[in-house]
Amino acid sequence: EVKSLENGVSTISASLTISDPKLLEIAKSIPELTLNGNTVSVSKKYRITDEGIQNVYDEGNFTLVKYDDNVGDEYSIKVDGNTIKRKIEYKSTVDDYSWAFYDLKVMKVVETGRPVAGVNKIEYIVNHKFGLVGFKVYFEDGSNKEVRFFSKN
């Protein structure tokens, strides 16, 4: 849910219920998340345009994706002493990602360097029209979980 929009920066709040005990333990280790039982909530600031998406931190803007960029392009930021990196690892040329009732062209942006216990990397899945459509978390034990986002509207 978009809570506010000021000077091109959206404050977005989200909440979800986690039923997987492994994911709930990981969520507990992330300071920016608020837990109430097995419900997790978070509020973040983003700059979202037709050109791409950026996280807005006190330390600066951190690009999630620029839709015109290509495989191999990278972005990075230093937050709380940690260097977080994002790299475009995949860009569709055909509609090959099933999402709701659509097949979409997507870009997959892999993030490393975020200090989350038990997590190796996060893969963000974005589309030039719908924005962030999902993400996939890769765990240290070799397993992974994918989450897809769908709007109620």
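Assorted remarks:
- Hits in the range 33-45 (condition: open to solvent by 90 Å² or more (accessible area, probe 1.4 Å) and of a type outside the set (Lys, Arg)): Asn36
- The residues listed here are Ile48, Ile30, Ile12; of these, the one that is open to solvent by 60 Å² or more (accessible area, probe 1.4 Å) and either more than 20 Å from Val137 (Cα to Cα) or not in a strand (DSSP E or B) (or both) is Ile48.
- Evaluated against (1) under 21 Å from Ile125 (Cβ atoms); (2) outside any strand (DSSP E or B); (3) open to solvent by less than 70 Å² (accessible area, probe 1.4 Å), Thr93 falls short on exactly one condition, (3).
- Unique match (being touching a residue at least 40 places away in the same chain (Cβ under 8 Å), under 23 Å from Val9 (Cα atoms) and of a type in the set (A, V, I, L, M, F, W, C)) among Ile48, Ile77: Ile48
- Some residue of the range 122-138 being open to solvent by 30 Å² or more (accessible area, probe 1.4 Å) and among the polar types (S, T, N, Q): no
- The set of residues in the range 96-121 being in contact (Cβ under 8 Å) with a residue 40 or more places away in the chain, surrounded by 15 or more Cβ atoms within 10 Å (Cβ to Cβ) and over 25 Å from Asp80 (Cβ atoms) consists of Trp99, Met107.
- Residue within the range 67-75 that is surrounded by 14 or more Cβ atoms within 10 Å (Cβ to Cβ), hydroxyl-bearing (Ser, Thr, Tyr), modelled with pLDDT of 95 or more and more than 18 Å from Phe130 (Cα to Cα) present: yes
- Considering the conditions (1) of a type in the set (Phe, Trp, Tyr); (2) part of a loop (DSSP other than H, G, I, E, B); (3) crowded, with 18+ Cβ neighbours inside 10 Å, Phe62 is excluded by exactly one of them, (2).
The values are calculated or read from the model by the stated rules, or taken from the named source; none is laboratory data. Source: prediction; values computed, not measured. For neighbour counting, all protein chains shown are included, and Cβ atoms are generated from backbone atoms with ideal geometry for every residue, glycine included. These area figures cover heavy atoms from the full protein model, side chains too; ligands, DNA and RNA do not enter into them. Shrake-Rupley method; radii C 1.70, N 1.55, O 1.52, S 1.80 Å.
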